[in-house]
1. Within the group Gln192, Gln187, which residue is surrounded by 15 or more Cβ atoms within 10 Å (Cβ to Cβ) and touching a Phe, Trp or Tyr at 6+ places or on another chain (Cβ under 7 Å)?
2. Residue under question is Thr181, and the condition is that it be polar (S, T, N, Q), outside the structural domain of His132 (by TED's automatic domain parsing), surrounded by fewer than 18 Cβ atoms within 10 Å (Cβ to Cβ) and at pLDDT 95 or above; does it hold?
3. Only one of these conditions is not met by Pro21: (1) at pLDDT below 90; (2) farther than 28 Å from Ile94 by Cβ. Which number is it?
4. Can you tell which of Arg46, Arg83 is more than 25 Å from the chain's Cα centre (by Cα) and surrounded by 13 or more Cβ atoms within 10 Å (Cβ to Cβ)?
5. Any residue in segment 217-229 that is assigned by TED's automatic domain parsing to the domain that holds Thr253 sitting within a Cβ distance under 8 Å of a residue that is at pLDDT below 95 and buried (at least 20 other Cβ atoms within 10 Å of the Cβ)? List the pairs, counting only those 6 or more apart or interchain.
6. Filter segment 113-138 for residues that are more than 16 Å from the chain's Cα centre (by Cα) and in contact (Cβ under 8 Å) with a residue 24 or more places away in the chain and give the result.
7. Run down Arg83, Arg12, Arg40 and say which single residue is within 24 Å of Glu148 (Cβ to Cβ) and at pLDDT 95 or above.
8. For the subset of segment 156-178 comprising residues that are of a type in the set (D, E, K, R) and farther than 21 Å from Ile145 by Cβ, which member is surrounded by the fewest Cβ atoms within 10 Å (Cβ to Cβ)?
Amino acid sequence: MNEAFFQQLYERQRGIADVPPNGVIAAWALHLLDLLFPERQTHPDRDVDELKAQFRQSEADLLEILDRTKVCETCNHPLVAKRFYGALPELHRIMHTDAAAIFEGDPAATNTFEVIRTYPGFLAIALYRLAHELITLEVPLIPRILTEYAHSQTGIDIHPGATIGEFFCIDHGTGVVIGETTIIGNQVKVYQGVTLGAMSVEKFLANTRRHPTIEDRVVIYAGATILGGDTVIGHDSVVGGNVWLTSSIPPYTTVYHQPTVKIVDSKTAH
């Protein structure tokens, strides 16, 4: 390696924003979830004044992250942080609807404490909700860092730009992919391996609706793939496992994939 190579790396280093490490940003979000949900902690024994102080510190931590993230030079950092923390009561309420939906939708769940403490679906949705609020406030990069951290921990990939209603349930969750322009209504349930994606990944389509709309009270079973910005899954519908959909279906519809299965008795096959 010659001197020019090292000089090139040095110049590149100087041009990169002083964005805090991904782990620091993820730790801020996880600590915030700890404050919002004492179920996640071992000793939730703070008094009200201490709790208020910890939220103030959390807001200061976000402000520091915003200040260090040079790609956010157009943001009014204190105002963004203030608005984000002002939105927390509503976000907290919605996250509780998600926990309730997961509990009600999974017979194996014993209570919402277990859901909040252990379920990867809840963690992925909660981090998505924080990230989505930040992206709504036009904060770049940080929302994607949060949802990619959730992806790495849970196997659930939700783009922070997706729009998701209340009482959202992800059961099991591994392999779920929800694209940037997806719109999901209320009381929707998806199982593992579901993809809500785009028909095309051409770069020139970046600013268009590329992902489907899922209306209220839809259930999408494992392995289903639903593609396209013009695709609307009507309310109260059921999409069966391994279904591939690229066109809309009306409300109250059941769509299922019917494979050919052969069962052979090995004792009589020869």
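The values are calculated or read from the model by the stated rules, or taken from the named source; none is laboratory data. On a predicted model such as this, the values are computed, not experimentally measured, just so you know. Neighbour counts are summed over all protein chains in view; Cβ atoms, including those assigned to glycine, are modelled from backbone coordinates with ideal geometry.
1. Selected residue: Gln187, the only one of Gln192, Gln187 that is surrounded by 15 or more Cβ atoms within 10 Å (Cβ to Cβ) and touching a Phe, Trp or Tyr at 6+ places or on another chain (Cβ under 7 Å).
2. The answer is no for Thr181.
3. Answer for Pro21: the failing condition is (1).
4. Answer to the check: Arg46.
5. Once the first residue is assigned by TED's automatic domain parsing to the domain that holds Thr253 and sits in segment 217-229, its partners that are at pLDDT below 95 and buried (at least 20 other Cβ atoms within 10 Å of the Cβ) give Leu227/Ala198; Gly228/Ala198; Gly228/Arg210; Gly229/Ala198; Gly229/Arg210.
6. Phe113, Arg117, Leu137, Glu138
7. Of Arg83, Arg12, Arg40, the one residue that is within 24 Å of Glu148 (Cβ to Cβ) and at pLDDT 95 or above is Arg83.
8. Checking each candidate, the answer is Glu166.
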